[in-house]
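Data block below; observations after.
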Amino acid sequence: MFEYDRLAPLEAEVSEVETQARGALFDLSYRVDGNSERTHGWLIVPSRSNSVPIVIFLHGGAQDRGACLAEAWLLADRGIGSLLVDLPQARSFPDFTHPSKDQHTFSQTVISAMRGLDYLASRPDFDVNQAAIVGFSFGAWIGSALAAEDARLKLAILVAGAPRMSEFWRTNPDPLVIGIRRDLSPGVFADYIEASQPLDAVRFLGRCSNTRLFFQCGAEDELVPAEQAEEFAPYATGLNLLRMYDSATHLQMFFHSGAREDRVSWLETQLPL
């Protein structure tokens with residue numbers, strides 16, 4: 001599902017946008033393969049110049065690559081670089097009537113993040129073999145597959161992620177999703193749920209034995225209830241972590257100051273600086 005040609009030309013384009021004492025911000029784009037649209041991202045290169053550890057940020061639904069810029073600058077203060085990948089799939093609903101098309105889009109989204117690592121590997125200033133992911137909501141789902149598939153990733157922080165996206169669409173209380181469920185015939189929706197089950201995060205997490213995992217969940221998250229978040233508990237053993245936060249809504253987990261402080265602190269202590 002996630003095979004691609006790592007030697008295919010990236011045709012990367014990089015332009016500097018801003019320079020601060022703590023680092024520089026670049027506008028980056030590259031191709032997944034020769035026929036694909038370009039993937040876009042923000043790249044922050046800290047002032048530290050040698051063997052910089054890197055964090056891949058994967059944003060949530062209805063967000064874009066700029067959503068995590070403030071947190072990425074906090075990491076730059078600590079000598080950690082960041083690639084904030086734009087995920088267009090996060091800004092649209094699945095094609096429930098064509099699950100195979102949705103599966104292809106999912107795999108291409110994961111590969112687009114892998115290709116970002118390929119680009120960073122071509123630079124002498126980054127150490128991509130000590131890389132980490134921070135994914136929020138939709139980005140946590142993509143991040144679970146990325147952590148399972150790319151051995152260069154050693155750490156993954158999955159924030160407000162759904163253990164089973166198939167169940168997420170079945171129970172999501174968003175009025176737009178309720179309307180979609182109502183308008184689809186029961187058979188079409190059931191077929192989509194069955195076809196999407198192999199893409200559930202829990203299917204990938206069991207293959208993350210070489211990646212340390214940190215799950216952050218909201219106790220009052222309306223989209224990923226606490227009882228669903230507990231499905232992550234079997235994967236939060238040994239050096240892995242699961243923490244519940246006093247967060248009233250799904251979106252508040254993105255802004256939760258305590259969760260952000262925990263992420264920055266954990267990355268600072270786990271990545272080689």
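The values are calculated or read from the model by the stated rules, or taken from the named source; none is laboratory data. Remember, it's a predicted structure, so these values are computed and weren't measured experimentally. Don't worry about glycine lacking a Cβ; one is built from the backbone with ideal geometry, like all the others, and counts go over all protein chains shown.
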By residue number, the members of the range 177-186 that are more than 30 Å from GLY258 (Cβ to Cβ) and either part of a loop (DSSP other than H, G, I, E, B) or not charged (D, E, K, R) (or both) are ILE178, GLY179, ILE180, LEU184, SER185, PRO186
query: Based on what the data block shows, is ARG243 crowded, with 16+ Cβ neighbours inside 10 Å, among the basic types (Lys, Arg) and without any contact (Cβ under 8 Å) to a residue 60 or more places away in the chain?
result: no
Test: GLY34 is free of Cβ contacts under 8 Å to residues at least 40 places away in the same chain, out of contact with any helix residue (DSSP H, G or I) (no Cβ under 7 Å at 6 or more places or on another chain), surrounded by fewer than 17 Cβ atoms within 10 Å (Cβ to Cβ) and not in a helix (DSSP H, G or I)
yes
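One line per residue, one yes/no per condition, for (1) in a strand (DSSP E or B); (2) at pLDDT 95 or above; (3) touching a Leu at 6+ places or on another chain (Cβ under 6 Å); (4) under 19 Å from LEU155 (Cβ atoms):
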| site | (1), (2), (3), (4) |
| --- | --- |
| VAL14 | yes, yes, yes, no |
| THR39 | yes, yes, no, no |
| ASN50 | no, no, no, no |
| ALA67 | no, yes, no, no |
Taking the range 92-113 and keeping residues part of a helix (DSSP H, G or I) and either under 26 Å from ARG22 (Cα atoms) or over 14 Å from the mean Cα position of the chain (by Cα) (or both) leaves PRO99, SER100, LYS101, ASP102, GLN103, HIS104, THR105, ALA113
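Condition check ((1) touching a strand residue (DSSP E or B) at 6+ places or on another chain (Cβ under 8 Å); (2) touching a residue at least 40 places away in the same chain (Cβ under 8 Å)) across all residues:
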| residue | (1), (2) |
| --- | --- |
| PRO94 | no, yes |
| SER112 | yes, yes |
| VAL134 | yes, yes |
| GLY143 | yes, yes |
| ILE157 | yes, yes |
| PHE168 | no, yes |
| LEU176 | no, yes |
| SER185 | no, no |
task: Inspect the range 261-269 for any residue being farther than 15 Å from GLY135 by Cβ, in contact (Cβ under 8 Å) with a residue 60 or more places away in the chain and within 17 Å of the chain's Cα centre (by Cα) and give the result as yes or no.
output: yes
Of the residues in the range 117-173, those that are in a loop (DSSP other than H, G, I, E, B), surrounded by fewer than 22 Cβ atoms within 10 Å (Cβ to Cβ) and within 17 Å of the chain's Cα centre (by Cα) come to ASP150, ALA151, ARG152, ARG164
In the range 7-16, anything loosely packed, with under 11 Cβ neighbours inside 10 Å and in contact with an Asp or Glu (Cβ under 8 Å, 6 or more places away or on another chain) is listed as SER15
Looking across the range 203-224 at residues that are touching a Ser or Thr at 6+ places or on another chain (Cβ under 8 Å) and surrounded by fewer than 16 Cβ atoms within 10 Å (Cβ to Cβ), the single one that is nearest to PHE138 (Cα to Cα) is GLU222
Checked the range 210-239 for anything without any contact (Cβ under 8 Å) to a residue 60 or more places away in the chain, of a type in the set (A, V, I, L, M) and within 21 Å of PHE255 (Cβ to Cβ); matches are ALA219, ALA226
Restricting attention to the range 82-104, does a residue exist that is of a type in the set (Phe, Trp, Tyr), crowded, with 17+ Cβ neighbours inside 10 Å and modelled with pLDDT under 95? yes
Exactly one of PHE26, PHE57 is in contact with a Leu (Cβ under 6 Å, 6 or more places away or on another chain), of a type outside the set (Gly, Ala, Ser) and either farther than 20 Å from GLY161 by Cβ or loosely packed, with under 15 Cβ neighbours inside 10 Å (or both), and that one is PHE26
